[in-house]
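Colleague: Below is the structure I would like to discuss, written out as structure tokens.
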Amino acid sequence: MEDAPEPPQSAAVDFSGVYVRKNLKETVFFLPNLKTDAEGNIIIQFTMNEALTRWKFLGFAHTKDLKFATTQHETITQKS
């Protein structure tokens, strides 16, 4: 029986410049104390995790006298 041929040797690959994602939590949560401007607009800033996926954004707001509003949108995190 003949010996099997040796597999080809692959060149060493340098991965030192590759960024490894670390924050892959399934839920992104923030609890802000947001204030509206004179026109009723707000700017929301928070850090997303590094998962490359689609997210369902759920927003809930209320006033001191218990008026409330909700919103739901989809957002996508992707590599730029």
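Colleague: In the chain, which chymotrypsin sites (Phe, Trp or Tyr not before Pro) are in a loop and have at most 16 other Cβ atoms within 10 Å, using DSSP for the loop call?
Modeller: 15, 19, 29, 30, 46
Colleague: Could you tally the net charge around residue 51, taking each other residue with its Cβ under 14 Å from the Cβ of residue 51, Lys/Arg +1 and Asp/Glu -1?
Modeller: It works out to a net charge of +4.
Colleague: Moving to a separate point now. Multiply the residue gap between residue 65 and residue 34 by 0.36 nm, knock off their C-alpha separation, and tell me the result in nm, one decimal place.
Modeller: 9.5 nm
Colleague: Calculate the radius of gyration of the Cα atoms of the chain to one decimal place, then report Dmax, the largest Cα-Cα distance, as a whole number, both in Å.
Modeller: When restricted to the Cα atoms of the chain, Rg and Dmax are 24.1, 87 Å.
Colleague: Across region 30-42, in residue order, what do the Karplus-derived ³J(HN,Hα) couplings come to in whole Hz, using 6.51 cos²θ - 1.76 cosθ + 1.60 with θ = phi - 60° and x for Gly and Pro?
Modeller: 9, 10, x, 10, 8, 10, 8, 7, 4, 9, x, 8, 9
Colleague: Could you tell me which of 27, 43, 62 has its Cα farthest along the dipole of region 1-74 towards the positive end, charges placed at Cβ (Lys, Arg +1; Asp, Glu -1), taken about the Cα centre?
Modeller: My answer, from the dipole projection, is 62.
All of the numbers you see were taken from the coordinates with simple rules; none came from a lab. Since the structure is predicted, the reported quantities are computational estimates derived from the model, not experimental observations. All Cβ positions, glycine included, derive from the backbone under ideal geometry; neighbour counts span all protein chains shown.
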